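Encoded as structure tokens, the structure appears first; notes follow it.
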Amino acid sequence: MKRAETHRLADLSSLSTFRLPARAAELIVLDSPEQLNAMPPADSQDLVLGGGSNTVFLGDFAGRVILNRLSGVSFESSGDDVLVTAAAGENWHGLVRRCIERGLHGLENLVMIPGSVGAAPMQNIGAYGVELADVFERLSAWDRQERRLVSLAPGDCAFNYRDSRFRSAEPGRFLITSVTLRLSTRFRPDTRYASLARALDCAGIRQPSARQLAAAVMRLRRHRLPDPARLPNAGSFFRNPVVTAVQASELLRQFPTLPHWSTQDGSVKLAAAWMIERLGFRGRRVGDAGVYHRHALVLVNHGRATARQLVGLVDEITTAVRNEFGIELDPEPQLIGSLQA
């Protein structure tokens, strides 16, 4: 059996799309399921890393980083559906494009989300009115506590808005090895999201094909979100806050143009970007850490940003939103480590 690569004092800056300087005491590269038995047991000082698009290192990491590079994709027919199983180390955007090319539908709105397949269930990724939970069938994972492979169904994962069992309740326990999605051979476009519907309308497209819908999403993302390879970032930095209907009603009396969406459980999701932009933060910089000039929800590294500059900017934004709206903003990416003295 091929042993997993191990590196001491490994540079992490290239493994996170925000590219802050950081090192790990140890880095293990997992690229074969046969290496799972040799994986160390779960430890509070462990971190499983995929594409690094949802992880920001605030300093050196004293523990062990496990880099998930498992690969492979398979397809299994199931009536009008197809079960697509992708290894956790596969690139998410690459998987979405591959499925669209094969005439498999349900992922069009999730195109161009950075990161790996294994990270998708961690935060229940979503965009333009669709989230992973809508097409999720099951996942396989190495239970590092019980030292065995397990299969977890949707009810086992505690999916929530940009959250799951793997992120909140039991971080570090499960090393996701593959994700299975139930996709349809019948295309049913989801164009409920207002900006997506407008983009299609402006293009004169009334009944989009799967490729047209995906292309519209990609145009929107390219306009609003910078390419991490050119301008390091971690995508949307803050979650849209979810409040009760009563809280939302009070806020909307004061701020009637605040964009909001009702959820299935009766709560209301508010647009964090609108609040941040209203307070004048779009384009704001603290050193080389800044708010992207096209989208107030995206924080960027203009080249030599430090963790201290980023944390300072985040504190400015969250304090201002709290004071103006009475709302607490939570970061969407994992913030790992603490500021160096």
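The values are calculated or read from the model by the stated rules, or taken from the named source; none is laboratory data. Quick caveat, the model's predicted, so the values are computed rather than measured. When we count neighbours, we look across all protein chains shown, and the Cβ atoms used for this are built from the backbone with ideal geometry, even at glycine.
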Output for the range 1-27, where each listed residue is crowded, with 17+ Cβ neighbours inside 10 Å, out of contact with any Ser or Thr (no Cβ under 8 Å at 6 or more places or on another chain) and basic (Lys, Arg): 23
Residue match in the range 315-336 (condition: touching a Lys or Arg at 6+ places or on another chain (Cβ under 9 Å), free of Cβ contacts under 8 Å to residues at least 60 places away in the same chain and under 30 Å from residue 51 (Cβ atoms)): yes
Residue identified as under 22 Å from residue 12 (Cα atoms), surrounded by 13 or more Cβ atoms within 10 Å (Cβ to Cβ) and not charged (D, E, K, R) among 317, 336, 327: 336
Criterion violated by residue 220 - all others in (1) in contact (Cβ under 8 Å) with a residue 60 or more places away in the chain; (2) under 30 Å from residue 306 (Cα atoms); (3) out of contact with any helix residue (DSSP H, G or I) (no Cβ under 7 Å at 6 or more places or on another chain) satisfied: (3)
Filtered residue count, the range 288-314, keeping only those that are without any contact (Cβ under 8 Å) to a residue 24 or more places away in the chain and over 23 Å from residue 221 (Cβ atoms): 3
All positions within the range 145-177 that are surrounded by 15 or more Cβ atoms within 10 Å (Cβ to Cβ) and among the hydroxyl-bearing types (Ser, Thr, Tyr): 161, 164, 177
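Taking the range 189-228 on its own, how many of its residues are part of a loop (DSSP other than H, G, I, E, B) and among the β-branched types (Val, Ile, Thr)?
Counting residues in the range 189-228 that are part of a loop (DSSP other than H, G, I, E, B) and among the β-branched types (Val, Ile, Thr) gives 2.
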Hey, residue 266 in contact with a helix residue (DSSP H, G or I) (Cβ under 8 Å, 6 or more places away or on another chain) and not hydroxyl-bearing (Ser, Thr, Tyr) or not: yes
Residues being within 13 Å of residue 20 (Cα to Cα) and either at pLDDT 95 or above or of a type outside the set (S, T, N, Q) (or both) - total across the range 293-341: 17
Which listed residue is within 29 Å of residue 87 (Cβ to Cβ) and of a type outside the set (Ser, Thr, Tyr), from 210, 199, 194: 210
Yes/no for residue 225 being surrounded by 20 or more Cβ atoms within 10 Å (Cβ to Cβ), touching a helix residue (DSSP H, G or I) at 6+ places or on another chain (Cβ under 6 Å) and not hydroxyl-bearing (Ser, Thr, Tyr): no
Filter result for residue 249 (modelled with pLDDT under 95 and surrounded by fewer than 18 Cβ atoms within 10 Å (Cβ to Cβ)): no
Residue that is nearest to the chain's Cα centre (by Cα), among those in the range 288-304 that are of a type in the set (Gly, Ala, Ser) and either buried (at least 16 other Cβ atoms within 10 Å of the Cβ) or not assigned by TED's automatic domain parsing to the domain that holds residue 318 (or both): 296
Some residue of the range 177-188 being farther than 26 Å from residue 227 by Cα, in a loop (DSSP other than H, G, I, E, B) and small (Gly, Ala, Ser): no
Residue satisfying all of: in the range 155-183; farther than 20 Å from residue 68 by Cα and among the basic types (Lys, Arg); modelled with the highest pLDDT among these: 182
